[in-house]
Amino acid sequence: MAGKYDHLFVTEMKSCDEDMVYEGEETSEENLPNIGQGFAMMRSKDVPESRIYMTHVWINENDTRQTWVHEHVHDYDEILSWRGNDRDNPHDLGGEIFMTIEGEEHRITTTGSVYIPAGTKHCPLGFGRIERPFTFSALMLDGDYTGRRS
């Protein structure tokens with residue numbers, strides 16, 4: 001018997017790579033070899049009632065600085081988060097993220113997150129040396145992933 005709320009569950013994550021096309025440019029950086037496939041954890045495309053869009057991707061080892069996402073802006077709030085995978089030291093990311101918000105670059109080496117208010121220019125975002133894989137997620141306070149290049 002099907003449950004009343006079965007339709008609210010995502011039990012098979014689908015690729016969200018095609019949703020993100022406006023963030024990349026026609027460069028070889030779009031398909032970085034150490035970036036895993038992006039998966040939609042929640043979005044209105046899969047759960048029509050959802051007003052949240054959430055992604056998940058593994059970031060794997062790398063030795064060189066690389067840009068992943070180019071500068072853009074959204075009409076909704078967004079939270080980006082990254083989590084190291086060392087259960088004995090969960091604060092250690094195992095790598096380096098760089099991210100620019102309104103022209104100010106930040107270097108991140110610990111597990112954490114950032115809140116990006118609607119209308120805030122953010123990125124480029126990328127990675128320096130990555131010694132051990134970690135996860136990266138984006139949570140948008142909108143059911144569809146939309147935006148515009150800044």
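Every number in this text was worked out from the coordinates using simple rules, so none of it is lab data. What you see is a predicted model; the values in this text were computed from it and never measured. Quick reminder, even Gly has a Cβ in these numbers, built from the backbone with ideal geometry, and neighbours come from all protein chains shown.
Can you sort Leu125, Leu139 so the residue with the fewest Cβ neighbours within 10 Å comes first?
So the ranking, lowest neighbour count to highest, is Leu139, Leu125.
Under a 10 Å cutoff between Cα atoms, tell me which one of Gly103, Gly95, Gly84 has the largest fluctuation in the Gaussian network model of the chain.
Of Gly103, Gly95, Gly84, the most mobile in the Gaussian network model is Gly103.
Using a cut-off of 9 Å between beta-carbons, work out the net charge of the residues near Ala40 (Lys and Arg +1, Asp and Glu -1, Ala40 not included).
After counting each charged neighbour, the total is +1.
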